[in-house]
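I have placed the structure first, in the form of structure tokens, so that the comments after it can refer back to it.
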């Protein structure tokens, strides 16, 4: 079964051909970083226009690189939320056109479910259940994955996403967008314990997250430091800030695993590429005899292969969309 996956939820136009939900035949990702860099973040209007520019060439390239024709496709899967409405509409409109023209099933896929199932695109997928920590520029979610299509939300951010906090602090430190990779690189030269930035644990036993206070603390620390010193330890600030985020993420992921009795933690989303986060979760997990898994970097960031994978499994569950498929800027992974 050959699935065409389309992902346009934010600022990357991605199209992939995936066989049987696992084997990637082609994978095209058109990055928009250069167009948003000067603004320090994603500009929705620019993102939508660039998706319109990139989508058809990306589809054609995915078909060509996959060594197939449009007639070989079994179904088309597309991310229809959460994300930027204008951006989502580009991908969904293209998917509808392909579905209608070829008379093949259309599958709308929750972008968050795409991140979850990216961990299944391996030779030895994890046995259910497992905990999935999704961390990206727009999302922080802790989910118990009971089975495919059976997700129990355990916690989420109440304000900023971790990736968003990385981007904003990178801007005040004078680093380029996207902020996560830039801060991680600078942090390698710094001392993660030089500055004790605050961690928000929220209520007792809460598995929710909050990063707005941390972001504010870093901004005010830097502002105060500049009033009496010209020697700003940027590497120490970056390392300490990164450690504050990865510390709280890793602790709450372990809390979720221990509370549910689950023995596997999966990371997902763009921030899952952060080596410090992976190493911190690994160290904590090993002490509790809990396994850690995560996809390769190309399947952590927004990509169409994970959407194709999600569409494949939804099709097997009989969850087919109509041509009236809508887009949703906010879309939770509901318990089933």
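The values are calculated or read from the model by the stated rules, or taken from the named source; none is laboratory data. Note that this is a predicted model, so its numbers are computed, not measured. For neighbour counting, all protein chains shown are included, and Cβ atoms are generated from backbone atoms with ideal geometry for every residue, glycine included.
Is it true that some residue in the stretch 40-56 is modelled with pLDDT of 95 or more, touching a strand residue (DSSP E or B) at 6+ places or on another chain (Cβ under 9 Å), in a strand (DSSP E or B) and under 24 Å from residue 139 (Cα atoms)?
No, that holds for no residue.
May I ask you to list the residues in the stretch 120-144 that are under 22 Å from residue 3 (Cα atoms) and buried (at least 24 other Cβ atoms within 10 Å of the Cβ)?
Correct list: empty.
Would you check if there is a residue in the stretch 281-288 being under 15 Å from the mean Cα position of the chain (by Cα), at pLDDT 95 or above, surrounded by fewer than 22 Cβ atoms within 10 Å (Cβ to Cβ) and over 24 Å from residue 15 (Cα atoms)?
No - not one qualifying residue is present in the stretch 281-288.
Please go through the stretch 223-256 and pick out each residue that is over 19 Å from residue 185 (Cα atoms) and under 20 Å from the mean Cα position of the chain (by Cα).
Result: 248, 249, 250, 251, 252, 253, 254, 256.
Looking at (1) part of a loop (DSSP other than H, G, I, E, B); (2) farther than 26 Å from residue 210 by Cβ; (3) at pLDDT 95 or above, which is the only condition residue 83 fails?
Every condition holds for residue 83 apart from (2).
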